[in-house]
Structure formats: C-alpha cells, structure tokens
1. Sort 56-65, 42-51, 23-32 by packing, meaning the average of other beta carbons within 10 Å per residue, with the highest value first.
2. P(r) of the range 17-85 in 10 Å steps, Cα pairs, percent per bin?
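Quick note: the coordinates plus some simple rules give every number you see, no bench work behind them. Since the model is a prediction, treat every value here as computed from it, not as a measurement. Backbone-built Cβ (ideal geometry, glycine too); neighbour counts: all protein chains shown.
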Amino acid sequence: MNAAPLSALDLTQHQPDENQLIRELVGRNIMQARLEAGLTQEQLSERLKVSRNQVCMWERGRRQPSAKFLTRIADKLGHTRGWFLDEHSSDATTAAAASAP
C-alpha cells in the first residue's frame, strides 16, 4: 500500500500553536517552582484558593492562568511573573518530581 503524502494543512494541524507552547512553558515552570518549594498540587491550590484540578490543568498546559493568577502564583512561590515565561532547566523539575511523595 502506498500512503498518501501529507499536505501542509495536515502538518499544521499536528503542530502546537504559539499559545499552546506558552501554556506548556508556564505550566512546566509552575510545576518546577511548586516542587522546589516542596508543595503538592493540593497545598498550592489551597494557598491560591483554587481547585487542585485547576493547578493540574495549568501544569499540564491545558489552561493558562490569567495575569492576576500568575501574579498570585509568583507571590506564593517566590518568583516574579516574568520568571514563569522564561525557559529553565528541566533537570530540577525532573529531580524534584522523582522525590515527590
């Protein structure tokens, strides 16, 4: 069988858009900062007065926190809002996740 060639339209449907990439970056950074602070998703959610599911959605890049919530997250985790928009080493996240309960 010969597979039909992929069109440019097919390729763009499978590539994340810029907003998705930003949500994923912010999510990884929220998780990294949370783990470095020694907090569970539940503990962070209690401090922010949101559901644990909301924190999970942010960390997975499914949703992006509003600017207001990103400021609150930054305050609770000891970072600036801009820190969450920068690329950081994932080694700390991986190590912290491995040792998390």
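1. Values: 56-65: 18.1, 42-51: 15.2, 23-32: 20.9.
The densest-packed peptide leads the list: 23-32, 56-65, 42-51.
2. Result, from short to long distances: 23, 63, 13, 0 percent.
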